[in-house]
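Asker: Before I ask anything, here is the structure I am working with.
The values are calculated or read from the model by the stated rules, or taken from the named source; none is laboratory data. Source: prediction; values computed, not measured. A quick note on method: Cβ atoms are made from the backbone with ideal geometry, for glycine too, and the neighbour counts reach across all protein chains shown. Just so you know, the surface numbers come from the protein's heavy atoms only, side chains and all, with ligands and any DNA or RNA stripped out. Shrake-Rupley method; radii C 1.70, N 1.55, O 1.52, S 1.80 Å.
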Amino acid sequence: FTVSEEVRSRPDVASVGAGVQVTAATAVEAMRQNAAAMDKLIKAAKAAGIKDENIQTAGINLSSQYDYSNRVEGQPPRFVGYQVSNNVTVTTDKIDKIGALLDTLVAAGGTDISGPSFGVKDPEAQTASVRGKVMAEGKAKAEDYARLAGYRTAELVSLSEGGGYVPSPR
């Protein structure tokens, strides 16, 4: 049998992905331009009140770029340079200001925006708050099943806990 309990709460943190893409003739120049653009983006996030520990690099990618248009059969595509994309994840507990944060990141040059995604700072505390109730309900059910099957007691054989954040539509 399964015993479940639902815990509902309002999100108290939000995360946004922000990044920039730069294309240049050389890999070194693309990396240099991207670093400068990311520095501007990070400074804007900090100016918006985001702490250093809430800004985390999420990924950087360097790739060569080719032009496949006007290609003559048998000829390779034309090399046009290198593209660097770099992303950071910014987390805040000021959910009511998430729109302004998105505006700030775009104004600072962010071209690859994702999110926001919402969550709770301490989901374990919320889960722990109902654990005792679930265990008592499970024990009562197990004892009832054991009695109905002709046994005097039940033994806990397996226990698992699962779940996750599921946003509800508004």
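Asker: What does the net charge come to around S129 if you take all other residues with beta carbon closer than 11 Å to its beta carbon, with K and R at +1 and D and E at -1?
Answerer: Combined, the nearby Lys, Arg, Asp and Glu give -1.
Asker: Another question, then. Could you give the length gained on full extension between D12 and V72, defined as 0.36 nm per residue of separation minus the Cα-Cα distance, in nm?
Answerer: Working it through step by step, the gained length comes to 16.0 nm.
Asker: Which value in nm describes the separation of the simple spin-label points at D112 and Q126, placed 7 Å from the Cα toward the beta carbon?
Answerer: That separation, rounded to one decimal, is 3.0 nm.
Asker: Under 19 Å between alpha carbons, and skipping anything fewer than 8 positions from K141 in its own chain: which aspartates and glutamates qualify?
Answerer: E5, E6, E155, E161
Asker: Could you tally the net charge around T92, taking each other residue with its Cβ under 14 Å from the Cβ of T92, Lys/Arg +1 and Asp/Glu -1?
Answerer: Result for the local shell: -1.
Asker: Report, in whole Å, the centroid distance computed from the Cα atoms of region 1-73 and region 100-168.
Answerer: If we compute the Cα centre of each part, the gap is 29 Å.
Asker: Could you sort L41, L102 by their accessible area in this structure, using a 1.4 Å probe and putting the largest first?
Answerer: These residues rank, largest area first, as L102, L41.
Asker: Separate question: Can you tell me the 0 to 90 degree angle between the C-alpha axis of helix 27-47 and the longest principal axis of the chain, rounded to 10?
Answerer: Between the helix axis and the principal axis of the chain, the angle is about 50 degrees.
Asker: Which entries of K40/K94; K46/K133; K46/K121; K94/K139 have Cα-Cα distances beyond 32 Å here?
Answerer: Where the Cα-Cα span goes over 32 Å, the pairs concerned are K46/K133; K94/K139.
Asker: While we're on this one: Could you work out the helix-only [θ] at 222 nm for the chain, with each DSSP H run of four or more residues adding -39,500 (n - 2.57) and the total divided by the number of residues, to the nearest 500 deg cm²/dmol?
Answerer: Computed ellipticity for the chain at 222 nm equals -11500 deg cm²/dmol.
Asker: With viscosity set to 0.692 mPa s and temperature to 37 °C, compute the Stokes-Einstein D of the chain, Rh being the Kirkwood radius across alpha carbon pairs; µm²/s, no decimals.
Answerer: Once the numbers are plugged in, D ends up at 160 µm²/s.
Asker: Report, in degrees rounded to the nearest 10, the 0 to 90 angle that the Cα long axis of helix 98-107 makes with the longest principal axis of the chain.
Answerer: So the inclination is approximately 20 degrees.
Asker: Remind me, relative contact order of the chain in percent, using alpha carbon pairs under 8 angstrom and six or more residues apart?
Answerer: Relative contact order comes out at 34 percent.
Asker: What is the packing order of peptides 46-57, 14-25, taking the mean over residues of other C-beta atoms within 10 Å and listing the highest first?
Answerer: Put in order of decreasing packing, that is 14-25, 46-57.
Asker: Just need log10 I(q)/I(0) for region 69-114 at q = 0.23 Å⁻¹, Debye formula, equal scatterers on the alpha-carbon atoms, no solvent, rounded to two decimals.
Answerer: -0.89
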